[in-house]
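The values are calculated or read from the model by the stated rules, or taken from the named source; none is laboratory data. Fair warning: this is a prediction, and the values are worked out from it, not measured in the lab. Virtual Cβ from ideal backbone geometry, glycine too; neighbours counted across all protein chains shown.
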Amino acid sequence: MPTALTTYLAGSTGPWRVDSITPVVGEGLPVAAWIDIVEGPLGQQPSGTVWALRGLTSNIRYTTRAEVDTLAERQEGLGRPRCTRAALIPIRKAGSWWSLAQDERRDLLEEQSHHISVGLEYLPAVARRLHHSRDLGEPFDFLTWFEYAPEDSARFDDLLGRLRGTAEWSYVDREVDVRLSRDDQD
């Protein structure tokens, strides 16, 4: 996957209506009405922006070749017309996570927590894109964007519940759950 910059702008305009902003661990984010998504460099930040979060898509990390291939086979793209629900979940991990070696993080992520294999169970209903923000000096290490159909909302909540109960998640020291919706595009 080529590296691409994405900015999530919270404010008074955008295609995604903010239904809720819930702090899960640590400090939340200010209230906003809409989210706009800008792919690529952002010139001047629009007036009325309440907050902006940036992240880069990059190569898939912590995965084996078999996992990458399975993800590619099962994952459907974002922007599907029936997927009128979304979640933006910014996450920051504690310094103790980053002091681990790559193989130790992989062990916690998949061998102990089964993060990838659990996520695969929810494809293709829940599409996702991960953005890396840590090296950009952002307040979060990762931004995860999910899209799903309204009838898959309970499955999405189940996915989050399972992931939040893992050993890997014990390293999260800030997480915000931003739920969004948009009107049907049919």
Point to revise | Failed item, numbered, when residue 47 is tested on (1) touching a strand residue (DSSP E or B) at 6+ places or on another chain (Cβ under 9 Å); (2) surrounded by 13 or more Cβ atoms within 10 Å (Cβ to Cβ) | key: (2)
Point to revise | Failed criterion for residue 65 (all others in (1) in contact with a Leu (Cβ under 7 Å, 6 or more places away or on another chain); (2) of a type in the set (Lys, Arg); (3) without any contact (Cβ under 8 Å) to a residue 40 or more places away in the chain hold) | key: (1)
Exercise for review: Could you tell me whether residue 78 is under 15 Å from the mean Cα position of the chain (by Cα) and part of a loop (DSSP other than H, G, I, E, B)?
Suggested key: yes
Revision key, fill the gap. Residue set 127, 87; condition buried (at least 17 other Cβ atoms within 10 Å of the Cβ) and out of contact with any helix residue (DSSP H, G or I) (no Cβ under 9 Å at 6 or more places or on another chain); output residue 127
Study note, to complete from the structure: Filter region 83-103 for residues that are charged (D, E, K, R) and modelled with pLDDT of 95 or more; the one that is nearest to residue 156 (Cα to Cα) is 85
**Study point:** First in region 155-182 and more than 23 Å from residue 81 (Cα to Cα), second anywhere and among the polar types (S, T, N, Q), Cβ under 6 Å, 6 or more apart
**Key:** 166/113; 167/112; 167/113; 168/113
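Condition check ((1) in a loop (DSSP other than H, G, I, E, B); (2) farther than 17 Å from residue 177 by Cβ; (3) aliphatic (A, V, I, L, M)) across all residues:
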residue	(1), (2), (3)
38	no, yes, yes
55	no, no, no
87	no, no, yes
91	no, no, yes
97	no, yes, no
